[in-house]
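Novice: Can you read through this structure? Questions will come right after.
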Amino acid sequence: MVTKTKVQAIDCRHFIGGQYVEIEEGKSFENINPATEEVLGLVAEGGKAEVDLAVKAARKALKGPWKDATLEERSKILRKVGDLILERQEELARLECLDTGKPLSLTNTIDIPRAAYNFHHFADYIISVGTEAYQQEDRNALHYSVRKPVGVVGIIKPWNLPLLLLTWKLAPALGMGNTAVIKPAEWTPMTATVLMEILKDAGVPDGVVNLVHGFGPNSAGGAISEHPDVDAISFIGEPSTGSAIMKAGAATLKKLSFELGGKNPNIIFADADLDEVVETTIRSSFINQGQVCLCGSRIYVERPAYEAFLEKFVAKTKELTVGKPFEEGTNVGSLVSKEHYERVLSYVEIAREEGGTFLTGGNRPKGLEKGYYLEPTIITGLDRNSRCVREEIFGPVVTVVPFDTEEEVIEQANDTHYGLSASIWTNDVRRAHRVAHQIEAGMVWVNTWFLRDLRTPFGGMKHSGIGRTGGMHSIDFYSELSNITIKL
Ligand code: NAD
């Protein structure tokens, strides 16, 4: 059964100083629906001039009513934003679906509820946080610290979980009293545009949050990264972009938080419960068309379980329905754009040229002639130095490799510039701890995947990121500590 698209796509305007800005002629680009290749609408294209206006508005707002808002008042506003996101869940879920091509079932159960929860979580968290205080008896002094906003925060976002990741950064930034200039990914601009109205309705004062659409270099992203009045950049995206942003921000010493790519290993020992492993591995491989930074794209299976795992994994993968995002029963939707689709297909070609064995997938699904669809793809027989095994594909493509010893699999798992996450499957508690401790990744899951508690540190090591967010780590990034010493 096909569910009709009940929501109209919108043109995406900048939002500066509390107002949407009309799209200027000649300064826009088309927003394409990746599931149909049709034009959804126009997106304003901002550059230096628009970013400058947005940064000026954000700077001014730092001195306005936002400066006097108490922590409790900001917490109430965050809560209200979360409530309003839930009130508009259906509309937001459908817009996210149109922009990304992911299944509506996903935007309805993960993207939008989690976006609301990001605000609800930080509404509670910020009011529970204290600061340090030391009484120094021999000097008869009292030291205590207070938190102040960092200032204007530039928030530059990827396209894979548009509203979820934007709110993950914006909620703590606002909670700590900062103002913001946001640049959503060029391929997925709609939900961020609607969020501006929600923020206004929730009582966020004008100028506190500004939005400029556009691209990266020589466009809105580049302009935010180099703007002298932007104090911090919170970036999620590719490592090479992180490096460009770091260079651009170096002259003005911006504070940086980077969540970057991953090439995450799933390590499956033969004693694990195979049915549970397969069920979760299907998710960790193909959810959101494999376009989640935490997806496990390198699967290592201990040799005694290798054949049995593959048999079940391939059979379950073949049961997945690749289909239109709004169609009921769709498990896997379209990839996000033509450019990204071609990039993912180029890795499929590499695997073919290198003699990889395709156990399933590798082709456009039958009956889906338009849109950027690819069957979930499982490849074996590739050399560990293959680009498909080493580079982040960010699509529904996984490689599976057998291993014989714990040492060997740890060495292979760590043989990468990335260090975002890993998932280990075993019922041997000692081995679980032993292996987890040796994996070079910011997040290691044992007998599960993507089980999140927003208080825990989230982020990557090596080229997968700089710094951590979540709970106290977000509070630390979005505030400056000022220590006050009093001679008693
Ligand atoms: P990307 O780096 O190409 O783009 C991200 C954003 O940066 C976009 O808004 C883009 O316009 C902007 N940008 C590009 N070049 C820029 C420049 N020179 N200066 C300033 N801004 C610039 O990444 P993407 O393709 O949108 O997203 C996919 C990547 O994001 C993958 O590597 C994925 O693993 C990563 N990611 C990481 C996490 C995490 O939490 N670690 C989460 C989601 C996605």
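The values are calculated or read from the model by the stated rules, or taken from the named source; none is laboratory data. None of the values given here were measured: they were computed from a predicted structure. Don't worry about glycine lacking a Cβ; one is built from the backbone with ideal geometry, like all the others, and counts go over all protein chains shown.
Novice: Please list, ordered by first then second residue, the pairs with beta carbon atoms under 6 Å, 6 or more apart or interchain, first in the range 302-326 and within 22 Å of T405 (Cβ to Cβ), second surrounded by fewer than 13 Cβ atoms within 10 Å (Cβ to Cβ).
Specialist: R303/D404
Novice: Evaluate the following for I299: is it at pLDDT 95 or above and in a helix (DSSP H, G or I)? Write out each step before concluding.
Specialist: Numbers: at pLDDT 95 or above: yes; in a helix (DSSP H, G or I): no.
So I299 fails the test.
Novice: Residues to consider are V278, V292; find the one that is at pLDDT 95 or above, of a type in the set (A, V, I, L, M) and out of contact with any Phe, Trp or Tyr (no Cβ under 6 Å at 6 or more places or on another chain).
Specialist: The conditions single out V292.
Condition check ((1) surrounded by fewer than 23 Cβ atoms within 10 Å (Cβ to Cβ); (2) under 30 Å from I475 (Cα atoms); (3) at pLDDT 95 or above; (4) out of contact with any Leu (no Cβ under 8 Å at 6 or more places or on another chain)) across all residues:
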{"site": "V39", "(1), (2), (3), (4)": "yes, no, yes, yes"}
{"site": "K48", "(1), (2), (3), (4)": "yes, yes, yes, yes"}
{"site": "A58", "(1), (2), (3), (4)": "no, yes, yes, yes"}
{"site": "A61", "(1), (2), (3), (4)": "no, yes, yes, yes"}
{"site": "K67", "(1), (2), (3), (4)": "yes, yes, yes, yes"}
{"site": "E73", "(1), (2), (3), (4)": "yes, yes, yes, yes"}
{"site": "R79", "(1), (2), (3), (4)": "yes, yes, yes, yes"}
{"site": "I85", "(1), (2), (3), (4)": "no, yes, yes, no"}
{"site": "E91", "(1), (2), (3), (4)": "yes, no, yes, yes"}
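Novice: Being out of contact with any Lys or Arg (no Cβ under 8 Å at 6 or more places or on another chain), within 10 Å of the ligand (Cβ to nearest atom), part of a helix (DSSP H, G or I) and farther than 25 Å from T100 by Cα: is that true of A248 here?
Specialist: Values: out of contact with any Lys or Arg (no Cβ under 8 Å at 6 or more places or on another chain): yes; within 10 Å of the ligand (Cβ to nearest atom): yes; part of a helix (DSSP H, G or I): yes; farther than 25 Å from T100 by Cα: yes.
Considered against the rule, which asks whether it is out of contact with any Lys or Arg (no Cβ under 8 Å at 6 or more places or on another chain), within 10 Å of the ligand (Cβ to nearest atom), part of a helix (DSSP H, G or I) and farther than 25 Å from T100 by Cα, A248 comes out as yes.
Novice: Still on this model: Only residues that are part of a loop (DSSP other than H, G, I, E, B) and within 15 Å of the ligand (Cβ to nearest atom): list them for the range 336-395, please.
Specialist: V336, S337, Y372, E391, E392, I393, F394, G395, listed by residue number.
Novice: Something else: Give the range 348-385 a look and list any residue that's over 21 Å from F313 (Cα atoms) and either surrounded by 15 or more Cβ atoms within 10 Å (Cβ to Cβ) or touching a Pro at 6+ places or on another chain (Cβ under 9 Å) (or both), or say none.
Specialist: Result: I350, E354, L368, G371, Y372.
Table: residues versus (1) acidic (D, E); (2) crowded, with 24+ Cβ neighbours inside 10 Å; (3) out of contact with any Asp or Glu (no Cβ under 8 Å at 6 or more places or on another chain).
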residue: C97; (1), (2), (3): no, yes, yes
residue: I112; (1), (2), (3): no, yes, no
residue: F119; (1), (2), (3): no, yes, yes
residue: V146; (1), (2), (3): no, no, yes
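Novice: Under 6 Å between Cβ atoms, at least 6 apart or on separate chains: pull out the pairs that start in the range 352-381 with a residue that is assigned by the TED database to the domain that holds L335 and without any contact (Cβ under 8 Å) to a residue 24 or more places away in the chain and end on any residue that is assigned to a loop (DSSP other than H, G, I, E, B) and surrounded by 15 or more Cβ atoms within 10 Å (Cβ to Cβ).
Specialist: N363/E375; R364/Y373
Novice: In addition: As an exercise: evaluate R452 against (1) within 12 Å of the ligand (Cβ to nearest atom); (2) charged (D, E, K, R); (3) outside any loop (DSSP other than H, G, I, E, B) and give the number of the one condition it does not meet.
Specialist: Every listed condition holds for R452 apart from (3).
Novice: Restricting attention to the range 141-164, report how many residues are under 17 Å from G221 (Cβ atoms) and either out of contact with any Cys (no Cβ under 9 Å at 6 or more places or on another chain) or hydroxyl-bearing (S, T, Y) (or both).
Specialist: Residues meeting the conditions: 8.
Novice: Now, a different point. So which residues in the range 256-301 are under 21 Å from D404 (Cα atoms), within 16 Å of the ligand (Cβ to nearest atom) and either free of Cβ contacts under 8 Å to residues at least 40 places away in the same chain or hydroxyl-bearing (S, T, Y) (or both), if there are any at all?
Specialist: S297 - this is the single residue of the range 256-301 that is under 21 Å from D404 (Cα atoms), within 16 Å of the ligand (Cβ to nearest atom) and either free of Cβ contacts under 8 Å to residues at least 40 places away in the same chain or hydroxyl-bearing (S, T, Y) (or both).
Novice: Could you give me the residue pairs with C-beta distances under 6 Å whose first residue belongs to the range 155-174 and is in the same structural domain as D476 (by the TED database), whose second residue is part of a helix (DSSP H, G or I) and surrounded by fewer than 24 Cβ atoms within 10 Å (Cβ to Cβ) wherever it lies, and which are 6+ apart or on separate chains?
Specialist: Note: pairs meeting the criteria are L164/R114.
Novice: Further question on the same structure: If D476 satisfies all but one of (1) part of a helix (DSSP H, G or I); (2) exposed (fewer than 13 other Cβ atoms within 10 Å of the Cβ), what's the number of the condition it fails?
Specialist: (2)
Novice: Among the residues of the range 405-440, how many are out of contact with any Asp or Glu (no Cβ under 9 Å at 6 or more places or on another chain), part of a loop (DSSP other than H, G, I, E, B) and among the acidic types (D, E)?
Specialist: Total meeting the criteria: 2.
Novice: Pull out all pairs, ordered by first then second residue, where Cβ-Cβ is under 8 Å, the residues are six or more apart or on different chains, the first lies in the range 459-476 and is farther than 16 Å from L174 by Cβ, and the second is of a type in the set (K, R) and buried (at least 18 other Cβ atoms within 10 Å of the Cβ).
Specialist: Hits for this filter: G459/R468.
Novice: For the range 455-468, give me the residue count where each residue is within 15 Å of the ligand (Cβ to nearest atom) and surrounded by fewer than 20 Cβ atoms within 10 Å (Cβ to Cβ). Working first, answer last.
Specialist: Start the filter on the range 455-468 by keeping residues that are within 15 Å of the ligand (Cβ to nearest atom), which leaves 456-468.
Filter again for surrounded by fewer than 20 Cβ atoms within 10 Å (Cβ to Cβ), leaving 456-457, 461-462, 466-467.
Matching residues across the range 455-468 total 6.
Novice: Does I10 meet the test of being touching a helix residue (DSSP H, G or I) at 6+ places or on another chain (Cβ under 9 Å) and not assigned by the TED database to the domain that holds L163?
Specialist: Yes; evaluated as a whole, the condition is true for this residue.
Novice: Would you point out which residue out of R283, R364, R352 is of a type in the set (K, R) and closer than 26 Å to I236 by Cβ?
Specialist: Answer to the check: R283.
Novice: Looking at F394, F403 in this structure, which one is on the phi > 0 side of the Ramachandran plot and crowded, with 17+ Cβ neighbours inside 10 Å?
Specialist: When all the criteria are applied, what remains is F394.
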